[in-house]
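See structure below.
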Amino acid sequence: KYFHQILLFWEEKMKQKIIIDTDPGKDDALAIILASNSNLFDIKAITTVAGNASIENVTKNARYILKLLGLNIPVYSGEKNSNKKLDSIVQGKNGLSGITNNLKADLTKNAVKKILELIEKNPYEITIVAIGPLTNLAKAIKKSPEIMKKIKRIVIMGGALNVRGNQTKYSEFNFFEDPLAAKVVLDFPTEKILISLDVCNKIMLQISDFEKISNNKVRKFCLKIMKEYIPYILRTEGFNGALMYDPLTVYSLINPSACKFKKLKLSVIPYGINEGQLIEDEKGNEILFVKNIDKIKFKQDFIQILSKEETLLNSKELKDLGEETKQK
Ligand code: BDR
Ligand code: CA
């Protein structure tokens, strides 16, 4: 028994410490489930940022996802002022359309403060998984670059380098929403990994893939959100499948050997008609640009991780999904 306790202790210690900065968002929801179900991360906090929907809605959605997963992780909301606040069409009305959610947003408005506090408490150990507009991170950098230098790395979903943007011809949604913040973060000298549309456009799942998830409850949740997401993606982006944007950031930490990285100097155009455009820039900061991800491996790992039974989905929330709650 004593040996088992030591093992558990080490397992906890070996986990990568992360903060997920997010605007859920259906693919954000998948990223959170992938991270928590993999059991490889110590998720210190979820910080929310306006993007796919208003700060109220994305914060409610974050609380809902955690409740559904039975996870006790603190949620800290960001402030309201991301530049544009265009709701994302692919995510539906409240960012997680198809799901009724009566939770309170309970806006704490202290995301930036908590990010800085957590980094100070865990110097050089925290990875920030940034899967929404980069508003909170840019604010944290402006407020205390010294503390932000003590992060381990940032993994970002955003930008489109050699492919068409999904918001304008040149800009991807997260960078377009707050281009200046994207520039501040990309120019900040720390280890960064970037998952842009260049790789995202190659990786999508079908309903038949989600049907293979053997954890009954996770599968039902995924099917519920994906059944609406896939037709939206087809209508707005022209891709026939669920594009896996945000889960790819988490996956690059879970299985880096399935990813091909290239060091590039990149920056972002902050203003004007090309605002939000990701560009190569000799004066820019070096970043690990993910060129490719093995899609077969991703699919296998994704299904296997989401199939794990440890997830303690909350049965009341599942009833609200209108699904039967009996265990398989
Ligand atoms: C990004 O925009 C959002 O709609 C998704 O959640 C993802 O973070 C893709 O462009
Ligand atoms: Ca997102």
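Numbers at a glance
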{"item": "Charge dipole (the chain, unit charges on Cβ, about Cα centre) - positive-most of Thr127, Tyr245, Ile213", "result": "Ile213"}
{"item": "Set of aspartates and glutamates near Lys139 by C-alpha distance (under 17 Å), chain-local residues within fewer than 8 positions excluded", "result": "Asp21, Asp23, Glu79, Glu117, Glu120, Glu177, Asp178, Asp187"}
{"item": "Only Lys, Arg (+1) and Asp, Glu (-1) charged, at Cβ; the chain dipole about Cα centre in debye", "result": "380"}
{"item": "Burial ranking of peptide ranges 270-279, 155-164 (average Cβ count within 10 Å, highest at the top)", "result": "155-164, 270-279"}
{"item": "Charge context of Asn255, other residues only, Cβ under 10 angstrom, K/R +1, D/E -1", "result": "-1"}
{"item": "Sequence-separation-based contact order of segment 154-213, relative, with Cα cut under 8 Å and 6+ spacing, percent", "result": "41"}
{"item": "Given charges at Cβ of Lys, Arg, Asp, Glu: the chain dipole, positive-most of Leu223, Val163, Gly272", "result": "Leu223"}
{"item": "Of Lys104, Lys150, Lys121, the one that fluctuates the most in a GNM where the chain has Cα springs shorter than 10 Å", "result": "Lys121"}
{"item": "Straight-distance crosslink candidates among lysines, where the alpha carbon sits under 21 Å from Lys297 and sequence neighbours closer than 8 are dropped", "result": "Lys202, Lys212, Lys260, Lys262, Lys308"}
{"item": "Given charges at beta-carbon only (K, R positive; D, E negative), |dipole| of segment 1-130 in Debye", "result": "260"}
{"item": "Residue with peak Gaussian network fluctuation, the chain [Cα springs, cutoff 10 Å], from Lys152, Lys139, Lys227", "result": "Lys227"}
{"item": "Ranked order, Lys263, Lys17 - accessible area, probe 1.4 Å, largest first", "result": "Lys263, Lys17"}
{"item": "Kirkwood-type radius of segment 1-73, with distances r between different C-alpha atoms, in Å", "result": "13.2"}
{"item": "Segments 59-65, 168-174, 233-239, 72-78 sorted - mean Cβ within 10 Å per residue, highest first", "result": "59-65, 168-174, 72-78, 233-239"}
{"item": "Relative contact order, percent, segment 120-274 [alpha-carbon distance under 8 Å, six or more residues apart]", "result": "24"}
{"item": "Computed E for Phe261/Asp42 - FRET, C-beta separation, R0 25 angstrom, nearest 0.05", "result": "0.55"}
{"item": "Length added when fully stretched, Leu71-Ser214, from 0.36 nm per residue minus Cα-Cα", "result": "49.5 nm"}
{"item": "Mean Cβ neighbour count within 10 Å, used as a protection proxy, ranking 290-301, 46-57 highest first", "result": "46-57, 290-301"}
{"item": "Inter-probe distance in nm under a simple model that places probes 7 Å from Cα toward Cβ, at Glu120 and Glu79", "result": "1.8"}
{"item": "Value of relative contact order over the chain, rounded to a whole percent, pairs C-alpha under 8 Å and six or more apart", "result": "20"}
{"item": "Calculated P(r) of segment 118-183 - Cα pairs past 14 Å, %", "result": "59"}
{"item": "For the chain: rounded, prolate or oblate by the Cα gyration tensor [a/c cutoff 1.5]", "result": "rounded"}
{"item": "By accessible area with a 1.4 Å probe, ligands and nucleic acids excluded, highest first: order of Asp23, Asp106", "result": "Asp106, Asp23"}
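The values are calculated or read from the model by the stated rules, or taken from the named source; none is laboratory data. Predicted model, so just to flag it, every value in this text is computed and none were measured. Counting neighbours? That spans all protein chains shown, and the Cβs are built from the backbone with ideal geometry, glycine included. With ligands, DNA and RNA removed, areas are computed over all heavy atoms of the protein, side chains included. Shrake-Rupley method; radii C 1.70, N 1.55, O 1.52, S 1.80 Å.
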